[in-house]
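Each value in this text was obtained by applying a stated rule to the coordinates, not by laboratory testing. Just so we're clear, the structure is a prediction, and the values are computed from it rather than from any experiment. Glycine also receives a Cβ, built like all others from the backbone with ideal geometry; neighbour counts cover every protein chain displayed.
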Amino acid sequence: MRWTYPAFVDTYHRGSVRGKESTLRRHTHYSTEFRAEAVRLAETSGQSIRSVAMDLGISNESLRRWIAQARERPAGTPLDDDERAELVELRRRVKVLETEREILRKAAAFFAQETERTR
């Protein structure tokens, strides 16, 4: 006799939950313009964030995150000196890494040819 406890019933079966389609959402990408307009609407409409999000068909947590990001750095705000220096350094580092990768790619191709010749 096999004993099972009803609270631990496995409800996942081949992409469906109890015969229904999975309720998992796919990750949706929204344009920058859409996000900015959603933030503006949430801040100026006088409605709650939840109701604005429902009207737009997005999750209220996404809208809350967008609002927080907009408050951190308003659109079009220039970089300060530290951020500018970091950006220059990161771009320089990317250039060095791309050069190193290209050298390694060519070396790997060279040694692959040498290995084929010696067989």
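Quote to one decimal, in nm, the extra length available between Leu90 and Arg71 on full extension: 0.36 nm per residue of separation minus the C-alpha distance between them. Walk me through the numbers on the way to the answer.
Working: separation 19, 0.36 × 19 = 6.84 nm, distance 2.53 nm.
Between Leu90 and Arg71, full extension yields 4.3 nm more.
Calculate, in whole percent, how much of the Cα-Cα pair population of the stretch 79-119 lies beyond 15 Å. All intermediate terms of the calculation are to be shown ahead of the outcome.
Numbers: 494 of 820 pairs.
Percent of Cα pairs beyond 15 Å in the stretch 79-119: 60.
Which of Leu79, Leu63 comes first, and how do the rest follow, when ranked by fewest Cβ neighbours within 10 Å? Mind dumping the intermediate values first?
Numbers: Leu79 11, Leu63 21.
By the 10 Å Cβ count, ascending, the order reads Leu79, Leu63.
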